[in-house]
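**Q** Submitted below is the structure of interest, expressed as C-alpha cells.
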Amino acid sequence: MQVIQSITIATIPTFVFAVGGEHNDREIIEIKQVGAVYEDHVHSEFFVLDGEGELIVSIENAPVIVEYRQIVEHDENEK
C-alpha cells in the first residue's frame, strides 16, 4: 500500500508539506488526496491533517509534486 509522504506545491515560493513536519505549530500526521474525477474535468484536492484528524491546510487545483511511501500491511491472522 502506498501513502503520501510529502506534497510540494510547485509555485514561487515553493511550499512543502511532509508527514512528521510542522505547519503553524501543528504536527502533520497525514496527507490525504480527496479530489474527484468528472466527465469533463478533474478537481485536484489534498488535505493536510494533524494528529486529531483536523484540517491544517487544503490544497486545491494547484500544480503539485507528490511523494509516496510504500508501507506493508500485516494480516492479523499471520503468525
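**Q** Per residue, how much accessible area does the chain have with a 1.4 Å probe, in Å²? Walk me through the numbers on the way to the answer.
**A** On the way: 5970 Å² over 79 residues.
In whole numbers, the chain has 76 Å² accessible per residue.
**Q** For the chain, modelled as a Gaussian network with Cα springs under 10 Å, which listed residue fluctuates most, 48, 64, 37?
**A** 37
**Q** Around residue 35, which amide H atoms from residues at least 5 apart in sequence, or from another chain, sit under 5 Å from its own amide H, with H modelled in the peptide plane?
**A** It is 45, by chain and number.
**Q** Still on this model: Calculate the translational D of the chain in whole µm² s⁻¹ from Stokes-Einstein, where the hydrodynamic radius comes from the Kirkwood formula applied to all Cα pairs, the temperature is 37 °C and the viscosity 0.692 mPa s.
**A** In µm²/s, the coefficient is 236.
**Q** To the nearest 20 Debye, how big is the dipole of the chain about its Cα centre, given +1 on the beta carbon of each Lys and Arg and -1 on that of each Asp and Glu? Write out the running numbers ahead of the final one.
**A** Values: 4 positive and 16 negative charges, 62 e Å.
With Lys and Arg at +1 and Asp and Glu at -1, about 300 debye.
**Q** Can you pull the percent of segment 17-64's accessible area that's carbon plus sulfur, 1.4 Å probe, other chains left in place?
**A** Details: 1390 of 3180 Å².
It is 44 percent, rounded to a whole number.
**Q** Mean separation of Cα pairs under 8 Å and 6+ residues apart, divided by the residue count of the chain: what relative contact order is that in percent?
**A** About 34 percent, as a whole number.
The values are calculated or read from the model by the stated rules, or taken from the named source; none is laboratory data. Here the structure is a predicted model, which is why all the values come from computation and not from measurement. Methodologically, a virtual Cβ is constructed for each residue, glycine included, from the backbone with ideal geometry; neighbour enumeration extends over all protein chains shown. Accessible surface areas use protein heavy atoms only, side chains included; no ligands, DNA or RNA. Shrake-Rupley method; radii C 1.70, N 1.55, O 1.52, S 1.80 Å.
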